[in-house]
Each structure stands twice: as structure tokens, then as C-alpha cells.
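The values are calculated or read from the model by the stated rules, or taken from the named source; none is laboratory data. Just so it is clear, the structure is predicted and the values come from calculations on it, not from any experiment. Here the Cβ is made from the backbone with ideal geometry for all residues, glycine too, and neighbour counts use every protein chain on show. Each accessible area value is taken on the protein alone, full model and side chains, heavy atoms only, with ligands, DNA and RNA left out. Shrake-Rupley method; radii C 1.70, N 1.55, O 1.52, S 1.80 Å.
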Amino acid sequence: MMAKEKRHKMNSTPRIAILGGGLAGLTAAYELAKRKINFTLYEKEAVFGGKAVSFFTKEGFPGEHGLRIFPSQYKNMFRIMREMGVLDNLQGQTVFRFFQDHSPIEFPTSFGIINLLKLYLAKAKLSKIVPKHEMDYFFKQINRIGSMSQAERLNLDQLSWWDYMDTDHKSEAFKKYLIKASRILNAMDPITGSALTVGVQIYQVMKSIKTPFSMGYCNMLNAPTSISLLEPLISRIRDFSSDSLQANKEVSEIKVNQTDAGSKISEIQFADGSHIQVDQVIFALPLEVIAKKFPTIPYIQELTQSLGLFSGVQLFLKGDDYQFPLGISVLYDSPWDLSLIFQNPNLWTAYKLPAPLSAVISVGMVTWDKPGLITKKPILECSKEEIKMELIAQINLHKGLRLPETSVHDYLVDPTLEFSPDGKRVVYSNNRLFIPTTDSYRKRPKTIDPHMPINAFLAGDFTRTAYNVTSMEGAVESGLLAVNAVLEAIQSSQAKCPIYELG
């Protein structure tokens, strides 16, 4: 680990540039800084963190772009958080609940005799709705994934989650209660979503419940992400060099020279007129940016067609005239497939909500093309006020949830969503997420892609990683892979980053 009291003199070579200051780029910067290897990270925006960054209203009310859940399989992220001393910022939630027909079914989130009993009761409740032989088949198929070799698992990418579970020949209850679980995984459609992606993740969830000393699959931060995770990470990187992170640096041109070994990036120019000479470059940029800068990468244009909306809404509550349980609630039966996290002082123990707030509900909106309850319009055709009205109406249909409109002090639609001049509909989002589909694993570019310059390496949650879900863990793993590629390219004697793969 880096000593906070020391700043290390930057060497003249090698010249390593990291383009993009999201979680993938920051991970790469952290690992290079630990090894005292010269680098500079350049970020287009004024802040670092990308899709993981928190945002705040003028009144200081906190918001997130998405639901911040840290399941037990986030091994690489947990290792870095442990090194930084912030792993204790995670709080395990004891219950995960999903609603069907407006009633909750609650599942435990970690190991324990009582939790195993709760799991048994949850399965018993489901078995009264879903035919027993179909329930048995579902869990048999999940357990089968656990016994597969890595090669066998990769073959699952050719199958959809729908087909792997033979869903066409199952009851409506099976489809409704079990197969729609894929919607939790970054809005993955069960018909087009990969059986590799969905099946392995659900297996990991079941495994964490039954594994002693597992962190559990429903951990949450005790403060907004920027405060409890990003700021400590950025601070640790800057301990290495105060100017190693540079914001407001948008890439305008990449100069490539031809050498005997192949094409090689020699210079990067920025929109502000500055330029740098480089020896190695880590591209930790969004998928759509990579597709424009390197259109010859196989499948890269096709992958951009799998970009989905990644935005949510924060409902800022006052008083106590509402009813909401801590943890995560998934409303499968709501028109917009809402996922909710209730955050109050019992969860945000390291952050004081500004007055007059008593809690925040973070809402993830999964289905954007179905009409709402009261507006009869999909999200994309709603104004901000209509979105808020719809969310309250859809939440209040559910047993155990009560949200009077008078309890909503204020609300904030993700600022990355842009609305028409008259404010009546969504016209654009600059915060989109790669949603894996069937056969997308082999199409995702590797860290070292032969169609890129020989001194360029890819990082980002759309690249090919063992953690085949677009997520913070996937971004972290991609950053580690990029650093290992750079270490090899510069023939460094430093140890490579350890990388944990799913078991």
C-alpha cells in the first residue's frame, strides 16, 4: 500500500496515459500508483467516477445514477476496498424482497440457520404459486451451473436464459415469478439475455446464502458512493502524485504511426489545445466512444446496439408518514419494473441527511417502453413531474409500502436524462449501459485487441471479463486486466494484479 505521507517523484519513462476516469480508469490508476509507475489519467468531465459518481441538488440532497448494491461476488472490488480501509463502509442487508400481485416474497441474503429457514419458507411460499415440478426444475438448472467447468459455462452464452430454462413449456407463474429475475441484472430481457450471464449470477446468489462467512449478496454503502468509495480512492491515487488525475480533458485526436511491429499511438491531443506524447495507453472510455475511435474492432458497432438506458429517480422524503422497509425491493408487477432502495439514517450511518429530509428512495426504472398507470404513457414520453406521479402511484399499489404524496419533499430525475424544450418528454441520455445479450461474450473486445494499436489496451465494463455482468465489479476487473497488460508491455518486474474469478 502507498504511504500517505510520501509523494513519489515521477519518472520520465514510461509515459502511460489512462483515458477515462470512471471506475475502470480509477482502478487502473490505483494499481499503477501502488507500483510507483508513472501515469496520468485524463477525464472529460469535471469530476471522476463515471457512472458510479453521486450527484447532489442545490440544496445538497444526494442522488445516484443507479442502485448501489454490492453482492458477495464483488471479490476484486472488495480487495481494493479492503486495502483502502473502506470495506467497513458496506452494510449487509438481511432481506431482499420482490413483489408479485402486489405482495412481497422475502428472501434472506446471507448464511445462517435462521436465514436458511427463511429461504425454505420463501421457497414454500413460491411452491404454492409455481408448480412444484417446475420449482424443482428451476433449482436443478441453477445447481447444474455450479457443477460446470468454465468451458461448459461459456457454452451457455449461446443460449438465452429463456431457452436454458425451457420457459416456453412452463406455466405463466414460472415465467412471472422465476424467469423475470433477470430484470434485476441491469434490465436484462429474459428472452434475449444470455444464460451465461443470468444463470451464473443467480447461482452465485444462492451460493452466498448457503456459504458460511459470506458477505451476502445485498450489501450497501453507508453514505453516497462518491463520499464512501470514490473520494477515498481518488485521495489514495493522488497520494502518489497530486497531478496524476486531470479533469476537463476531452480527447480530440489520437495520432497513430506505423512501425515494423504494427500501428502505434504516439500522441494524444485534447480539446483544450494541449497534447501529450505517450508510450502506453489504457482506453477506459464508454463503449460508444470506443466504437467511434476504433470502428474496425470486430462487433464493436453491433455491441453499441445493446446500450440501454441507465437512469433513475431520487424521491426525497420528509416526516415519518410513510411505510417502507430497509433494503431492496423489486416490484416485478409494476408497469415500469421498478427496483427500490430505501435509505435512511439507519443505513447511511456515515452521512447526515440535510434538513428537512428523513429518508431517500432511490428508484431504478427498468422498462421504458410500457405505459404507466395514470399517465398511460411510457417513461420516454413523460415529463419529470409525470414520472414522479407515476412512481408514487406504482409504489402505493404494493402491500407493506405506503408513500403519501405529501411525504415527498422533493424529487430528482437523473440529470443525465435530457428533456425536450417544452419538458414533456425524454429526448436523450448520455449515461447508457451495455446490456449483455445471447452470444455477446465472444463479441466483447478483450483487453488486448489485435485490431487496436499495439500500445493500446481496453478497459471498461463492456470488455470481456470473467464477471460477465455490466457492473462496478466488471469495471474493476477490466482495470486490473489493463494494468497487467501494461506491466507486461513495459517489461516491469512488479507483480501483476491478482484477479479473482467466479467459482
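Ligands, DNA and RNA left out, the 1.4 Å accessible surface of the chain is 52% carbon and sulfur atoms. Here is the size of the chain from its Cα atoms: Rg then Dmax, 22.9, 71 Å. Computed over Cα pairs, the Kirkwood radius of segment 29-99 leads via Stokes-Einstein (1.567 mPa s, 4 °C) to a diffusion coefficient of 84 µm² per second. Couplings for segment 74-87, taken from phi via the Karplus curve 6.51 cos²θ - 1.76 cosθ + 1.60 with θ = phi - 60°, read 7, 5, 5, 5, 4, 4, 5, 4, 5, 4, 7, x, 10, 4 Hz in order; Gly and Pro are left as x.
Cα centroids of segment 425-460 and segment 121-144: 36 Å apart. In order along segment 397-407, the phi-based Karplus estimate (6.51 cos²θ - 1.76 cosθ + 1.60, θ = phi - 60°) of 3J(HN,Hα) comes to 6, 9, 4, x, 10, 9, 9, x, 4, 5, 7 Hz; Gly and Pro are listed as x. Dividing the C-alpha radius of gyration of segment 249-297 by 2.2 N^0.38 Å, with N its residue count, gives 1.18. Scaling against 2.2 N^0.38 Å puts the C-alpha radius of gyration of segment 176-265 at 1.78. Over the chain, accessible surface divided per residue gives 42 Å², non-protein components excluded, 1.4 Å probe.
Computed 3J(HN,Hα) for segment 376-389, one whole-Hz value per residue from the Karplus formula 6.51 cos²θ - 1.76 cosθ + 1.60 where θ = phi - 60°, is 6, 10, x, 3, 5, 9, 9, 7, 4, 5, 5, 4, 4, 4, glycine and proline marked x.
Close amide H contacts of Ala359 (hydrogens built in the peptide plane, cut-off under 5 Å, sequence separation of 5 or more or a different chain): Leu317.
For segment 31-175, the square roots a ≥ b ≥ c of the C-alpha gyration tensor eigenvalues yield an a/c of 1.5 or more together with a/b exceeding b/c, which makes the shape prolate.
Remark: relative contact order (the chain) = 22 percent; criterion is Cα-Cα distance under 8 angstrom and separation of 6 or more residues.
Annotation: peptides 193-199, 91-97, ranked by per-residue average of other Cβ atoms within 10 Å with the highest first, follow the order 193-199, 91-97. Among 436-448, 483-495, 13-25, the peptide with the highest mean count of other Cβ atoms within 10 Å heads the list, and the full ranking is 13-25, 436-448, 483-495.
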